[in-house]
Amino acid sequence: MIAEKKKTRTNVGLSNIEEYLKDVRSKSSDALSSEWAFVTILNKNLSADDFSLFYNKASELGISKKEYAKVLHINVRTLERNLKNEFTLKVDKYENAVRIFSMMIHGIEVFGETARFSNWLKNHSRALGCRPVELLETIAGIQIVDDEITRIEYGVYF
């Protein structure tokens, strides 16, 4: 008889995820490396505590619960439930949260402080043609915002 492994939810620890993402970004500009980093993180189980730390980073940037729920394509009540103790987000929502978190880490590093990055994120960007925060509802949009942060980082403007 083959013993079945129980899938247990472990606390990944966001500071570890943050350091992991920073490390991947600093060691390689290769897009494939970044995608493998996301796959590695997505294969881990998140707890409500971990998810709360994702939301707290967004909150530091002035993103409200309503705005954060909107970019994850969930309602505010589901967001609040997942923040408290019942983490039930599907992998596509979790992926958006991880990618947004990664973009936020990058933005704060490039802009040097949370307030400056928050200001950029919430104001109209001529390069993007909208407020960057408006693009965070899709993976492609998150990537467009992250690419713009990289252009700012390297002084490349259109």
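The values are calculated or read from the model by the stated rules, or taken from the named source; none is laboratory data. None of the values given here were measured: they were computed from a predicted structure. Glycine also receives a Cβ, built like all others from the backbone with ideal geometry; neighbour counts cover every protein chain displayed.
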Open item on the list: Just the residues that are more than 16 Å from the chain's Cα centre (by Cα) and touching a residue at least 12 places away in the same chain (Cβ under 8 Å), please, taken from segment 123-150.
Closed with: SER125, ALA127, LEU128
Open item on the list: Restricting to segment 1-58, and then to whatever is among the small types (Gly, Ala, Ser) and closer than 15 Å to ASN85 by Cα, can you tell me which residue is modelled with the highest pLDDT?
Closed with: SER52
Open item on the list: Kindly evaluate ILE63 against the criterion of being closer than 17 Å to VAL133 by Cβ, in contact with a Ser or Thr (Cβ under 9 Å, 6 or more places away or on another chain) and either among the small types (Gly, Ala, Ser) or not in a helix (DSSP H, G or I) (or both).
Closed with: yes
- [ ] May I ask you to list the residues in segment 82-104 that are at pLDDT 95 or above and either part of a loop (DSSP other than H, G, I, E, B) or within 12 Å of ILE149 (Cα to Cα) (or both)?
- [x] MET103, MET104
- [ ] Given the conditions (1) modelled with pLDDT of 95 or more; (2) surrounded by 20 or more Cβ atoms within 10 Å (Cβ to Cβ), report the number of the one that ASN75 does not fulfil.
- [x] (2)
Task: Hey, ILE144 β-branched (Val, Ile, Thr), in contact with an Asp or Glu (Cβ under 8 Å, 6 or more places away or on another chain) and surrounded by fewer than 20 Cβ atoms within 10 Å (Cβ to Cβ) or not - done: no
